[in-house]
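Here's the structure, in structure tokens; my notes come after.
The values are calculated or read from the model by the stated rules, or taken from the named source; none is laboratory data. Predicted model, so just to flag it, every value in this text is computed and none were measured. These accessible areas exclude ligands, DNA and RNA; they are computed on the full protein's heavy atoms, side chains included. Shrake-Rupley method; radii C 1.70, N 1.55, O 1.52, S 1.80 Å.
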Amino acid sequence: MYSDANGMLTTDKATAMWYDEIKDYKWEDPLGSFSKTGHFTQVVWRDSVKVGCGISGPYVVCHYCPAGNMWSKDAFDKNVPKIGAKEEEKPKEEEKPKTDDKADESKKLEASNELCDPKKHPDLELVVDSPTKYSKRATAYHNCKRGLHGSPAATQDDAAQKTA
């Protein structure tokens with residue numbers, strides 16, 4: 001859920017805020033950082049392949065299918081890939097994810113935010129005249145962020161959107 005104090009209910013702002021939780025994500029201990037990073041992990045969760053978003057009062061709400069954030073380190077290691085991972089690259093269970101230097105992670109995050117800037121993508125044009133168009137915009141922005149991690153593109157799902 002996301003609400004902007006200025007009343008600007010946009011999916012790109014909501015998704016950007018959720019995704020920016022990556023700064024607090026601890027790749028070596030995902031469960032230890034979950035209380036601060038649950039939105040980020042859900043946005044890029046590999047196995048969540050359908051998404052629907054909508055506005056509920058002052059909030060942007062998204063519903064994911066199947067739901068992510070399964071409470072096990074193995075699930076996080078499999079479903080929350082680092083920036084630059086390829087879709088087919090999934091860590092082996094016995095392999096521990098390598099930790100990147102903080103400066104390197106910061107550079108990757110900066111580059112990812114530049115790449116997914118909605119102003120540079122006509123397909124992310126602000127549309128709020130219908131719930132389905134709004135949800136499609138959210139899905140496109142989610143997919144930009146997901147693609148940075150090698151997560152497969154999610155599809156906009158009407159049932160998930162109605163649940164949101």
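Values as computed for the structure displayed
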| read-out | value |
| --- | --- |
| Given (1) in a helix (DSSP H, G or I); (2) within 22 Å of P30 (Cα to Cα); (3) at pLDDT below 85, index of the condition D100 fails | (1) |
| Complete set of residues in region 129-164 that are within 19 Å of K13 (Cα to Cα) and basic (K, R) | K133, K136, R137, K145, R146 |
| Failed condition for L109, given (1) in a helix (DSSP H, G or I); (2) of a type in the set (A, V, I, L, M); (3) modelled with pLDDT of 90 or more | (3) |
| Subset of region 135-164 that is open to solvent by 40 Å² or more (accessible area, probe 1.4 Å) and of a type in the set (A, V, I, L, M) - its residue that is farthest from D47 (Cα to Cα) | A159 |
